[in-house]
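Participant: Quick one: structure below, then a few questions.
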Amino acid sequence: MAGKIRWGILGTGSIAGKFAEGLSLAQGAELLAVGSRTQATADAFADRFGIPRRHATYEALAADNQVDIVYVSTPHPFHKANTLLCLEAGKAVLCEKPFAMSAAQAREMVALARRKKLFLMEAMWMRFLPAMVKVRELIAAGRIGAVQMISADFGFRGPWNPQSRLLNAELGGGSLLDVGVYPISLASMILGRFSRVMGLSRIGSTGVDEQAAIVLGNDQGQLASLTCAVRTASPHEACIMGEEGMIRLPGAWWHGTTLTVSSADRNAPAERMDLPYPGNGLCCEAVEVMKCLAAGAAECPVMPLDESVTIMETMDQLREQWGLKYPIEG
């Protein structure tokens, strides 16, 4: 693709606004169009971010021949349908996490993208932030030796609203899909595919997992201990433990700007690294996506499609253990 990459945003919710803000800092990006379910909401969003092309339906956005790639920002249960709509119309797609509601849905999305030779990626934005890039570099350089264990949490006490997307089973509510996907994706990024998946959860009165504790293991004996919650606050820390040291990601690690590296010698001082990013950080994934598009790549090596599918498989296995099934699954 020559010149600027022309983006469309499908959906006008909170995360869509954050992505629009981030996109404004991504060199080479043009936010050209937005699609909503009514003209009024499309116009309001477009006025807010200076978007020239405003569509009253998702179908109209997908059919807009001026758009190169669509960012799908709708709630979890609609990711599959919205992604397939855009792919069928010949658009590249960046789909918000979680990639889908299940591995079966994810496989269908990937199959269509590959059949049509179109770019598709799960918008796991944390992977593209400077701190996460540095984590991968440090591990690859052997700074902490072979990784043995990972611990990570993401939990908060959300308000009690049974109809909200956090607690409504019809909207894919619960901790696993909303925030558990972050620590699972972190563990997957570092340890690869898991052959052992175990977890316990508390299913609340609305029928979704309000909190969960998860242990994952691979064939090499590496382990991940993870927790997630939408009704319980947690420390928001991650630690990657190797044979010769560890990397700590403190305070809201999934969008953090610092990390510390320490050696196995507990008397040696830890090294702190400050790794800021522009704006809200969402520009980082957009820049990487545009590099892929410019190179003619159909997927991104930092967030490959097969890995998005295996992450969904892991979450499917956990839900099966918990007896958690979403109404959309029938």
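The values are calculated or read from the model by the stated rules, or taken from the named source; none is laboratory data. Note that the structure is a prediction, hence the values are computed from the model and not measured. Here Cβ is always computed from backbone atoms with ideal geometry, including for glycine, and neighbour counts include all displayed protein chains. Protein only, heavy atoms only, side chains kept; ligands, DNA and RNA dropped before computing areas. Shrake-Rupley method; radii C 1.70, N 1.55, O 1.52, S 1.80 Å.
Participant: May I ask you to evaluate 6.51 cos²θ - 1.76 cosθ + 1.60, the Karplus curve with θ = phi - 60°, for each residue of the range 63-69 and list the ³J(HN,Hα) values in order in whole Hz, giving x for glycine and proline?
Facilitator: My calculation for the range 63-69 gives 8, 5, 6, 8, 9, 8, 9 Hz in order.
Participant: Something else now. Leaving ligands, DNA and RNA out of it, rank Ser195, Ser175, Ser262 by accessible area with a 1.4 Å probe, largest first.
Facilitator: From most exposed to least exposed: Ser195, Ser262, Ser175.
Participant: Give the carbon-plus-sulfur fraction of the accessible surface of the range 202-330 in %, rounded to a whole number; probe 1.4 Å, heavy atoms of protein chains only.
Facilitator: 51
Participant: Label point 7 Å out from Ala264 along Cα-to-Cβ: which residues of the range 125-143 have amide N under 18 Å?
Facilitator: Under 18 Å, as judged by backbone N against the label point of Ala264, lie 139-143 of the range 125-143.
Participant: Amide H neighbours of Ala123 under 5 Å, at least 5 residues apart or on other chains, H built in the peptide plane: list them.
Facilitator: Distant-sequence amide H within range of Ala123: Cys95, Glu96, Lys97.
Participant: Express in Å², to the nearest 10, the accessible area of Cys283 obtained by rolling a 1.4 Å probe over the protein heavy atoms while all chains stay in place.
Facilitator: Cys283 exposes around 10 Å² with every protein chain in place.
Participant: What are the ³J(HN,Hα) couplings of the range 318-327, residue after residue, when phi is run through the Karplus curve with 6.51, -1.76, 1.60 and θ = phi - 60°? Round to Hz, x for glycine and proline.
Facilitator: For the range 318-327, the Karplus-derived couplings read 5, 5, 5, 4, 8, x, 9, 10, 7, x Hz, x marking Gly and Pro.
Participant: Starting from the amide H of Phe154, placed 1.01 Å from N in the peptide plane, find each other amide H under 5 Å away whose residue is 5 or more places distant or on another chain.
Facilitator: Result for Phe154 returns Thr227, Cys228, Ala229.
Participant: May I pose another question? What figure in square angstrom, to the nearest 10, would you give for the accessible area of Lys134 with a 1.4 Å probe?
Facilitator: Probe radius 1.4 Å; accessible area of Lys134 about 60 Å².
Participant: Divide, for the range 158-252, the radius of gyration over alpha carbons by 2.2 N^0.38 Å, where N is the residue count.
Facilitator: After normalising by residue count via 2.2 N^0.38 Å, the value is 1.18.
Participant: Might you report the magnitude of the Cβ-based charge dipole of the range 151-202 about its Cα centre, with Lys and Arg at +1 and Asp and Glu at -1, to the nearest 20 debye?
Facilitator: Charge dipole of the range 151-202: 140 debye, to the nearest 20.
Participant: So what is the accessible area of the range 162-210 per residue, in Å², with the probe set to 1.4 Å?
Facilitator: Normalised by residue count, the accessible surface of the range 162-210 is 36 Å².
Participant: May I ask you to give the percent of accessible area on the range 40-186 that is carbon plus sulfur, with a probe radius of 1.4 Å?
Facilitator: With neighbouring chains kept in place, the figure for the range 40-186 is 55 percent.
Participant: Leaving ligands, DNA and RNA out of it, work out the accessible area of Ile203 with a 1.4 Å probe and give it in Å² to the nearest 10.
Facilitator: 70
Participant: Quick one: what Rg and Dmax do you get for the chain from the alpha carbons, in Å?
Facilitator: Using the Cα atoms of the chain, the pair Rg, Dmax is 19.7, 63 Å.
Participant: Another question, then. Would you mind working out the accessible area per residue for the range 1-154, using a 1.4 Å probe, and quoting it in Å²?
Facilitator: Result: 38 Å² per residue.
Participant: Quick one: order Arg157, Arg54 from most to least accessible surface, probe 1.4 Å.
Facilitator: Arg157, Arg54
Participant: Something else: Could you work out [θ]222 nm for the chain from helices alone, using -39500 (n - 2.57) per DSSP H run of at least four and dividing by all its residues? Round to the nearest 500 deg cm²/dmol.
Facilitator: The per-residue figure over the chain is -10000 deg cm²/dmol.
Participant: Check cross-link reach from Lys4 to the lysines: straight Cα distance under 23 Å, and skip same-chain residues fewer than eight apart.
Facilitator: Counting by Cα, and skipping residues close in sequence, Lys4 has these lysines nearby: Lys18, Lys91, Lys116, Lys117, Lys291.
Participant: Need the list of aspartates and glutamates near Lys80 for cross-linking: C-alpha distance under 13 angstrom, and skip anything on the same chain fewer than eight residues off.
Facilitator: Output for Lys80: Glu88, Glu96, Glu108, Glu122, Glu329.
Participant: Still on this structure, please answer the following. With the Cα gyration tensor of the range 47-197 in hand, convert its eigenvalues to equivalent ellipsoid semi-axes via √(5λ) and list them largest first in whole Å.
Facilitator: Working from the Cα gyration tensor, I get semi-axes of 30, 21, 16 Å.
Participant: Lys and Arg at +1, Asp and Glu at -1: add these up for the other residues within a Cβ distance under 13 Å of Glu237 and post the number.
Facilitator: Net local charge, Glu237 excluded: 0.
Participant: Once the Cα atoms of helix 39-49 and of the chain are each reduced to a long axis, what angle between those two axes, in degrees from 0 to 90 to the nearest 10, is obtained?
Facilitator: That works out to roughly 60 degrees.
Participant: Name the long-range amide H neighbours of Cys300: under 5 Å, sequence gap of 5 or more, or other chain; modelled H, no Pro or chain starts.
Facilitator: Here Leu305 satisfy the definition.
Participant: Taking the Cα centre of each part, how many Å lie between the range 305-320 and the range 152-182?
Facilitator: 17
Participant: Across the range 250-258, in residue order, what do the Karplus-derived ³J(HN,Hα) couplings come to in whole Hz, using 6.51 cos²θ - 1.76 cosθ + 1.60 with θ = phi - 60° and x for Gly and Pro?
Facilitator: Calculated HN-Hα couplings, in order: x, x, 6, 4, 6, 9, x, 10, 9 Hz.
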